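Data first, discussion second: the structure below is written as structure tokens.
Just so it is clear, none of the values below were taken in a lab; they were calculated from the coordinates. Keep in mind the model is a prediction, meaning the values are calculated, not measured. We place every Cβ from the backbone using ideal geometry, glycine too, and count neighbours over all the protein chains shown.
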Amino acid sequence: MADIKTVGVIGAGQMGTGIAHVCALAGYEIELNDVSRARIDAGISLIEHNMQRQIARGIIDEAEMKAALGRIKPQESLARIGATDLVIEAATEDEVVKKSIFSALAPHVGPDTLLASNTSSISITRLASSTDRPERFIGLHFMNPVPLMKLVEIIRGIATDVQTYETAVNFAKSLGKTTANAEDFPAFIVNRILVPMINEAIYTLYEGVGTVEAIDTAMHLGANHPMGPLELGDFIGLDTVLSIMNVLYEGLADSKYRPCPLLVKYVEAGWLGRKAGRGFYDYRGETPTPTR
């Protein structure tokens, strides 16, 4: 199996920084890339902030944080990203964007480099077919927030070879994660179950069955969920929720996956959840308040 020592992470947003965070703590050398140096630097600042929170909770100590941050290098050059042993793409949940990243990366990738996507719903087979190494391409779907969540879904495309799969499983386990194998169908396991639940909660609001507060309280206390589905949708990002629902609806051709019109309207308004300051809750004050 391939010996992974260096990891290139493309995307310095919430998921990419989380992946870089756990990989650096596990001892891997990280090259972190995004569309601008400012975004990379903001990502590294976020990683440091989250590691400080881990120190406060007694999960790591100052020495571990310093060593891990020293392993994360800002990298604007795709040539340097391509020279790593494993490249993990963690860009926005948009197939066109992801394919364009792999196309731009292609001239710089070494013959033994493994490619992975952190996509939460898009076909690994299709993404792999746009590269020169579908047999060395795999889905590594980390859960959000990456430093806290223990699961990584491993998704093989139709061409992914056994060695790539075994290397991916061992890599994820080296990060202290538990793996679950998912077949390459729309949204895999977690989001195939979770995101339609969020969409159904939005329909419940849309149809006037309950208010934002009532729906979230009911699922939080009645089903013992850590947070209500509308709050969770805001946390994930309503644009991501809509994207996954569209993948399910188009990929499975089943009307039960039709995105709720209210979800579409919120995304059109730019009310994408926590990251935008407003979603089903308004986060601009001291405490979140429902927007409907």
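Annotations for the structure displayed:
- Local net charge near residue 148, Cβ-Cβ under 13 Å (Lys/Arg +1, Asp/Glu -1): +4
- Alpha carbon centroid spacing (whole Å) that separates the stretch 215-260 from the stretch 32-48: 29 Å
- Fewest-first ranking of 41, 254, using other Cβ atoms within 10 Å as the exposure measure: 254, 41
- Cβ crowding within 10 Å, taken as a proxy for footprinting-reagent exposure, orders 130, 103, 123 from fewest neighbours to most as 103, 130, 123.
- Think of each Lys and Arg Cβ as +1 and each Asp and Glu Cβ as -1; about the Cα centre, that makes the dipole of the stretch 6-182 roughly 220 debye.
- Here the Kirkwood formula puts the hydrodynamic radius of the chain at 19.8 Å, using every distinct Cα pair.
- Scoring 144-151, 109-116 by mean Cβ neighbours within 10 Å over their residues and listing the highest first yields 109-116, 144-151.
- Around residue 214: net Lys/Arg minus Asp/Glu count, Cβ-Cβ under 14 Å: -3
- By the helix-only formula, in which each DSSP H run with n ≥ 4 contributes -39500 (n - 2.57) and the sum is divided by residues, the chain has a 222 nm mean residue ellipticity of -14000 deg cm²/dmol.
- Beta bridge orientation in the chain: antiparallel %, DSSP, nearest 5: 25 percent
- Residue pairs exceeding 27 angstrom between C-alpha atoms, taken from 98/173; 5/177; 66/177; 5/275; 98/265: 5/275.
- Sequence-distant contacts, meaning Cα pairs under 8 Å at least 6 residues apart, place the relative contact order of the chain at 13 percent.
- Dipole of the chain, positive direction: furthest Cα of 175, 154, 283, with charges on the beta-carbon: 283
- Scattering from the stretch 110-246 was approximated by placing one identical point on each alpha carbon and applying the Debye formula without solvent; log10 I(q)/I(0) at 0.10, 0.15, 0.16, 0.21 1/Å stands at -0.40, -0.77, -0.84, -1.19.
- Sorting 53, 274 from the fewest to the most surrounding beta carbons within 10 angstrom yields 53, 274.
- Cα-derived Rg to Rh of the stretch 1-151, Kirkwood definition: 0.96
- When Rg and the Kirkwood Rh are both derived from Cα coordinates, the Rg/Rh ratio for the stretch 194-292 amounts to 0.96.
- Formal net charge of residues neighbouring residue 123 (Cβ-Cβ distance under 9 Å; K, R +1; D, E -1): -1
- Cα-Cα separations in the stretch 158-235 greater than 16 Å, expressed as whole percent: 63 percent
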